[in-house]
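Everything on this sheet refers to the single structure shown next.
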Amino acid sequence: MFKKILIANRGEIALRVICACKELGIRTVAVYSEADRNSLHVRFADEAICIGPPRSADSYLNVPAVISAAELCNVEAIHPGYGLLSENANFAEVCETSHIKFIGPPPEVTRLMGEKEKARMTMKKAGVPILPGSEGVLESEQEALEWAKQIGYPVIIKASAGGGGRGMRVIREAGELPALFHAAQSEAAAAFGNGDLYMEKFIERPRHIEFQVLADSHGNVLSLNERECSVQRRHQKLLEESPSTQITPQMRKEIGDKLVKSLTNIGYQNAGTIEFLMDEQRKLHFIEMNTRIQVEHPITEMCTGVDLVKSQILIAAGAKLFDLVKTPIEMRGHAIECRINAEHPEKFTPSAGKVTVFNVPGGTGVRVDTAAYAEGVIPPYYDSLIAKLITHGQDRAEAMARMQRALDMFIVEGIFTSIPLHKKILADPDFRAGNYDTKFMERFMPKKEEKVKKDPAPEALRA
Ligand code: MV4
């Protein structure tokens, strides 16, 4: 077992990893930027090292700085959390050459899944359903036109190095294709240093459903079932729930079995998430795989009773999956997560500054993962997520009731938050009926003509 781990992250996920380490009796090293000196991850880690100026590029993303801290503190492993360096295969390689265990899959697997077109072909070969689409990268506008004709419009062009919604173009007829093809190509080349594109049939109103897996270094893979993440805006998830109201036990087993087979073939290790789009016929199609722990992992933990972060660490240390997890996995009840962001409720711009009041809800079935505290400062340099409010109940109705009362009891003053928006979502009849897709949040967008001409009195909007 590891004696000491470095956490290459900040905020609530750094604290989440510290919690797991404390329970496992592992010492922790926090790294922090100059803006994070007073952060809780620094306070709760056994050791802490400043690795640079506030901007992520100068600190949390600075590979030599992170590796130096790891060597100086003699850690045996690095947990990358999510975002930042978590899906950077080059970083995983540098860890390996420095004889530090990267808590994640082998670098080749991270690299394979990072190339979305290759990931898609790999899953197809392994028998996981994918959307009709191109095979390999699109070499020319001509080839793109031929594929589109075969697939049938509308189609979507995606950047192979993209993901999470960046570098996509929807094409509704052949006439639009040339311009959009070249726009996507240059945008991808500029954003990712790689202009490779691929094509899929476009689904108009998909639901976003993802499966959580765990895989060890001995060839064992386990599905921990699905999460529904369709409540999002601008590719930022706002609320997730597990299980999905749309997945039958038969679908759950069918997809789970296929994923276990395919990920065993690939040699996957670590926690992982396989993203699917559900079409209007309720069929699932693989789109991407994430090789990290995800923001929304707690809802799976609440329903399965499995500690995913502890599992990641123990798997990296060589543990066998079935010594860690009691099988078969039983889904207990229903869980919902609201992502509380520090942002303006109508403009959705980041809202940094000092938190003056921070009253965290508790009680039966409520979990809060956060690194925020009263009198603490939310720096403007990072992601706007300040807390995750998770509720669990025997069924969806109980999880929703707990979420509503927990949102009422969550008081944040001094900055704007998304709490009022979450209250609106929980009160929405379609949400309550489970009747929503990825277009659901459009109804909460301010209409163009009445678009916040002047700021309302700030006091009225403070969450
Ligand atoms: C799609 C799609 C429709 N058809 N692919 C956006 C994020 C990236 N992970 C994949 N995305 C989409 N891919 C096909 N073939 C629609 C989206 C999409 C979306 C997907 C999941 C959650 C929210 C979304 C919002 C807009 C578009």
Legend entry - Only one of Met302, Met289 that is under 23 Å from the mean Cα position of the chain (by Cα), more than 22 Å from Ile7 (Cα to Cα) and part of a helix (DSSP H, G or I): Met302
Inset, instruction - For residues that are closer than 19 Å to Arg120 by Cα and in contact with a Cys (Cβ under 9 Å, 6 or more places away or on another chain), tally how many sit in region 179-227. - result: 4
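Okay, residues lined up against (1) within 16 Å of the ligand (Cβ to nearest atom); (2) in contact with a Leu (Cβ under 8 Å, 6 or more places away or on another chain):
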position: Leu224; (1), (2): no, yes
position: Val231; (1), (2): yes, yes
position: Leu238; (1), (2): yes, yes
position: Glu241; (1), (2): yes, no
position: Pro249; (1), (2): no, no
position: Lys253; (1), (2): no, no
position: Val260; (1), (2): no, yes
position: Thr264; (1), (2): no, no
Inset, instruction - For region 269-301, enumerate the residues that are away from the ligand (no atom under 16 Å from the Cβ) and out of contact with any Lys or Arg (no Cβ under 7 Å at 6 or more places or on another chain). - result: Gln269, Asn270, Ala271, Ile293, His297, Glu301
Inset, instruction - Considering only residues that are outside any strand (DSSP E or B) and within 13 Å of the ligand (Cβ to nearest atom), look in region 148-164 and name the one that is nearest to the chain's Cα centre (by Cα). - result: Gly164
Inset, instruction - Determine the pairs where a residue that is over 18 Å from Glu71 (Cβ atoms), located within region 86-105, has a partner that is surrounded by fewer than 19 Cβ atoms within 10 Å (Cβ to Cβ) and small (Gly, Ala, Ser) with Cβ atoms under 9 Å apart, the partner being 6 or more residues away or on another chain. - result: Pro105/Gly267
Inset, instruction - Tell me which of these Leu85 doesn't satisfy, since it passes every other one: (1) more than 15 Å from the ligand (Cβ to nearest atom); (2) outside any helix (DSSP H, G or I); (3) more than 20 Å from the chain's Cα centre (by Cα). - result: (3)
Inset, instruction - Check Glu143 against each of (1) surrounded by 18 or more Cβ atoms within 10 Å (Cβ to Cβ); (2) more than 16 Å from the ligand (Cβ to nearest atom); (3) within 30 Å of Ala179 (Cα to Cα) and name the one condition it does not meet. - result: (1)
Inset, instruction - Would you please name the residue that is nearest to Ile157 (Cα to Cα), looking only at residues in region 177-188 that are small (Gly, Ala, Ser) and within 16 Å of the ligand (Cβ to nearest atom)? - result: Ala184
Legend entry - Qualifying positions in region 90-110 - crowded, with 21+ Cβ neighbours inside 10 Å and over 20 Å from Leu314 (Cβ atoms): Phe91
Inset, instruction - Give the number of residues within region 189-201 that are of a type outside the set (Ser, Thr, Tyr), within 14 Å of the ligand (Cβ to nearest atom) and surrounded by 21 or more Cβ atoms within 10 Å (Cβ to Cβ). - result: 3
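Just so you know, all these numbers are worked out from the coordinates, no wet-lab data involved. Owing to the predicted nature of the structure, the values given are computational and were not obtained by experimental measurement. Cβ: placed from backbone, ideal geometry, glycine included. Neighbour counts: every protein chain shown.
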